[in-house]
Amino acid sequence: MSQSQLWDDVDDYFTTHLAPEDDALRAALRDSEAAGLPHIAVTAPQGKLLQLLAQIQGARTILELGTLGGYSTIWLARALPADGRLISLEYSPVNAEVANRNIARAGLDKIVEVRVGPALESLPQLADENPPPFDLVFIDADKGNNPHYVEWALKLTSAGSLIVVDNVVRGGRVADPGNPASDVQGTRTALELIGQHPRLSATAIQTVGSKGYDGFALARVLP
């Protein structure tokens, strides 16, 4: 058995017993694949982790950067109360259309809003609305702009909020300071910004699973 097959098998076992998918989640993945979206959504155990973090946080407001087909959005939104709010920013109109259908099928369209356009244009527009601080921010968009997304997350949160940055390992390339790829440099700059920022306490965890070798960073906003 190959290592990747073993990781898949373990993820399947965890999903079956700890993070079972219902019809809405399975349909979200199926319709995303049918629409030709890339296979980069979080796994079910990762989605359940995001949901648990939001529940532990007692989140009422969530900001997501990178909707894709709405799979992670559904996991996160299910942690919110009936009067909660999740805003998800998505660059691609095609992705957003798929996501909106998936979110509506899951019965979450009353609390989830998908905004279409470059996040670095949507974020200042959102800030101009002066929303209440977001309790959790999930950053899973283009990696080269991660430092900017972290900075915006700080502007849109308050003490006690959580910031999750996905895909920070980049297959191990993140440890190579000489790697010129924008995803690596953007991720390194974001992690170093988080580590040096006086208002953030953070760690990063390496993971393996159905999505291969990767990981995430978790930061808490300090007073």
Excluding ligands, DNA and RNA, the carbon-plus-sulfur percentage of the accessible area of the stretch 62-194 with a 1.4 Å probe reads 52 percent
Taking only Cα atoms and a 10 Å spring cutoff, compute GNM fluctuations for the chain and point out the largest among G212, G69, G36.
G36
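Cβ under 12 Å from S210's Cβ, S210 left aside: what net charge do those residues give with Lys, Arg +1 and Asp, Glu -1? Before the final figure, lay out each step's value.
On the way: positive: K211; negative: D8, D9, D11, D12, D214.
Charge balance in the 12 Å sphere: -4.
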Report the Stokes-Einstein translational diffusion coefficient (µm² s⁻¹, integer) for the stretch 55-106, Rh taken as the Kirkwood radius over Cα pairs, at 25 °C with viscosity 0.890 mPa s.
220 µm²/s
With -39,500 (n - 2.57) per DSSP H segment of 4 or more residues and division by the full residue count of the chain, the 222 nm estimate, nearest 500 deg cm²/dmol, is -13500 deg cm²/dmol
Choose one answer from E121, E64, E21: the residue with the largest mean-square fluctuation in a GNM of the chain with alpha-carbon springs under 10 Å.
E121
Shape call for the stretch 79-137, from the Cα gyration tensor axes a ≥ b ≥ c (a/c under 1.5 means rounded, otherwise prolate when a/b beats b/c, else oblate), comes out oblate
Gaussian network model of the chain, springs between alpha carbon atoms under 10 Å - residue of I194, I103, I205 with greatest fluctuation
I205
Which of the lysines could be linked to K211 by a straight reach, that is with a Cα gap under 23 Å, when you skip same-chain ones fewer than 8 residues away?
K48, K143
Within the stretch 67-89, find all residues whose amide N lies under 16 Å from a label point positioned 7 Å from the Cα of A34 along Cα-to-beta-carbon.
69-71
Just check the stretch 2-121 against the gyration tensor rule for me: Cα atoms, a ≥ b ≥ c as the square roots of the eigenvalues, rounded for a/c under 1.5, and otherwise prolate or oblate depending on whether a/b exceeds b/c.
oblate
Under a plain spin-label model, where a point goes 7 Å from the Cα along Cα-to-Cβ, how far apart in nm are D9 and L52?
2.4 nm
Which stretch or stretches of the stretch 1-29 have amide N atoms under 13 Å from the point lying 7 Å from Y213's Cα along the Cα→Cβ direction?
3-4
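If Lys and Arg each add +1 and Asp and Glu each add -1, what is the summed charge of the other residues whose beta carbon sits under 12 Å from the beta carbon of H17? Could the numbers behind the result be given before it?
Details: positive: K48; negative: D11, D12.
Charge balance near H17 sits at -1.
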Treating the beta-carbon of each Lys and Arg as +1 and of each Asp and Glu as -1, no other charges, what is the dipole magnitude of the chain about its Cα centre, to the nearest 20 debye?
420 debye
Three-way shape label, the stretch 129-223, alpha-carbon gyration tensor, a/c 1.5:
prolate
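Per residue, how many Å² of accessible area does the chain show with a 1.4 Å probe?
48 Å²
The values are calculated or read from the model by the stated rules, or taken from the named source; none is laboratory data. It should be emphasised that the depicted structure is a prediction, and the values quoted were computed from it without experimental measurement. Positions of Cβ are generated from backbone atoms using ideal geometry, with glycine treated the same way; all protein chains shown enter the neighbour counts. Keep in mind that these areas ignore ligands, DNA and RNA; they rest on the heavy atoms of the full protein, side chains included. Shrake-Rupley method; radii C 1.70, N 1.55, O 1.52, S 1.80 Å.
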